[in-house]
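Read the structure below first, then the notes.
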Amino acid sequence: MAKEDFKITPWKVTGEVNYKKLIRQFGTEKIPDSILSKLKKAHPLLRRGVYFSHREFDVWLKDAESRKKVSILTGRGPSEKMHLGHLVPFLAAKSLQDLYKCNIYIPISEDEKFFVNPALSYKDAKKFADDNILDLIALDFKPRKTFIMKDFSYPPLYNWAAQIAKLITYSEVKAIFGLKPENNIGWSFYPAVQAAHILLPQFLEGPHKTLVPVGIDQDPFIRLTRDIASHSSIKFQKPAAIHAKFIPGLKGSTKMSATDEEETNLIYLSDNEKTVEHKIKKYAFSGGKDTLEEHRKLGGNPEVDISYQYLRMLFEPDDKKLQKIHDDYKSGKLLTSELKEILIKKINSFLKDHQRKRKRAERQIKRFVYSD
Ligand code: TRP
């Protein structure tokens, strides 16, 4: 496949993604410096360009700053146990909740994964939903301001999805999501369900601006929902969105994903210290030179180095420390093995804490998850 031939749907990404081109293709906007300057205290994902594109984020921020009601919504399709890449929208959501003190809604789409993945049984879809919810609760969301709901166990959702489904034609869904004739009809109904998710805060709290942090592959759902939000039968505001780039896999590929890559390309939230150390040492793509001598003389390339990129995106919030790592690596003072050691320590300390909080989350389910 030629480098320019990338293809993105909500369910599959192939090729080398050109993000500039995507902004044009999808008709979104680049997040401008005027917005970035308001996010100096936000998570590195928001400050350092992983979130690169948006729809009406400026409007959402203005409402949030003038203390109008705003909310955040982002969902999780539970198809497997969670890995680091899956955390991206939730870390962004939490950071913005901390800054603007708003409600967060987290719908869990077991139905989506059940429809889309032929090998996933009904029982396993439900099992992964409960499993993933523990990882989400472990992220320290505010208890009285955070609401998790599972599609299979949240009765109001069907009422809303039905109202939305009536506003969408089959050919629209087919065109937007690239559905094929052999796909089951659950799959073609699902976009109405995810649109209902995106409008859920407004169904519950009345019209206001909701921000949806998502991977850029989810933008088709945002577009569809914005198109129908203000229809005379529901009269809601168009949801705002921020779009993230994909977190690269350890080996440097476009997206950290378990669907078509081996385990060795990802770090699971359940990995133990030894596994993390082994995976980083053995697989993390290095921007260093082949020999020690050459590296000392010519230096490494942090832009392509996965260990550096993980520190930048997720694990080193301190700008000064990050800059020093960058400069030392580039000058050859810092070796690949030393850089990897820094990352291994950071990931392991994060995971140790996370796994402890995940255990604790088992007792907190009732505070966060809807049940009737
Ligand atoms: N479809 C998303 C995924 O596969 C998960 C999801 C469900 C979602 N509902 C959502 C994302 C609402 C954003 C908003 O990852």
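The values are calculated or read from the model by the stated rules, or taken from the named source; none is laboratory data. Quick caveat: nothing in here was measured; it's all calculated off a predicted structure. Note: ideal-geometry Cβ built from the backbone for every residue, glycine included; neighbour counts use all protein chains shown. For accessibility, only protein heavy atoms count, side chains too; no ligands or nucleic acids. Shrake-Rupley method; radii C 1.70, N 1.55, O 1.52, S 1.80 Å.
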Between residues in segment 343-372 that are over 17 Å from H83 (Cα atoms) and touching a residue at least 40 places away in the same chain (Cβ under 8 Å) and residues that are polar (S, T, N, Q) and open to solvent by 80 Å² or more (accessible area, probe 1.4 Å), which pairs lie under 9 Å by C-beta distance while being six or more apart or on different chains?
I365/S371
Could you tell me whether any residue of segment 54-63 is of a type in the set (A, V, I, L, M) and surrounded by fewer than 20 Cβ atoms within 10 Å (Cβ to Cβ)?
yes
Out of all the residues in segment 202-220, is one or more away from the ligand (no atom under 16 Å from the Cβ), under 30 Å from P32 (Cα atoms), in contact with a Lys or Arg (Cβ under 6 Å, 6 or more places away or on another chain) and not in a helix (DSSP H, G or I)?
yes
Cβ-Cβ under 7 Å, sequence separation 6+ or interchain: first residue in segment 114-126 and under 13 Å from N184 (Cβ atoms), partner among the small types (G, A, S). Which pairs?
F114/A125; F115/G186; N117/S79; L120/S79
Single condition S307 does not satisfy, out of (1) open to solvent by less than 10 Å² (accessible area, probe 1.4 Å); (2) of a type in the set (S, T, N, Q); (3) closer than 27 Å to V212 by Cβ:
(3)
Cβ-Cβ under 6 Å, sequence separation 6+ or interchain: first residue in segment 68-91 and touching a residue at least 24 places away in the same chain (Cβ under 8 Å) and under 25 Å from G206 (Cβ atoms), partner basic (K, R) and more than 10 Å from the ligand (Cβ to nearest atom). Which pairs?
V70/K209
If we keep only residues of segment 37-50 that are in a helix (DSSP H, G or I) and touching a strand residue (DSSP E or B) at 6+ places or on another chain (Cβ under 9 Å), then the residue farthest from I247 (Cα to Cα) is L46
Could you grab the pairs with beta carbons closer than 8 Å, sequence gap of 6+ or different chains, first residue in segment 201-224 and in the same structural domain as E172 (by TED's automatic domain parsing) and on the phi > 0 side of the Ramachandran plot, second one within 11 Å of the ligand (Cβ to nearest atom) and in a loop (DSSP other than H, G, I, E, B)?
none
If A162 passes every condition in (1) away from the ligand (no atom under 14 Å from the Cβ); (2) open to solvent by 50 Å² or more (accessible area, probe 1.4 Å); (3) without any contact (Cβ under 8 Å) to a residue 40 or more places away in the chain but one, which one does it miss?
(2)
Please state which one of S53, S34, S95 is at pLDDT 95 or above and part of a strand (DSSP E or B).
S53
Kindly provide the set of residues from segment 165-201 that are open to solvent by less than 20 Å² (accessible area, probe 1.4 Å) and not in a helix (DSSP H, G or I), ordered by number.
L179
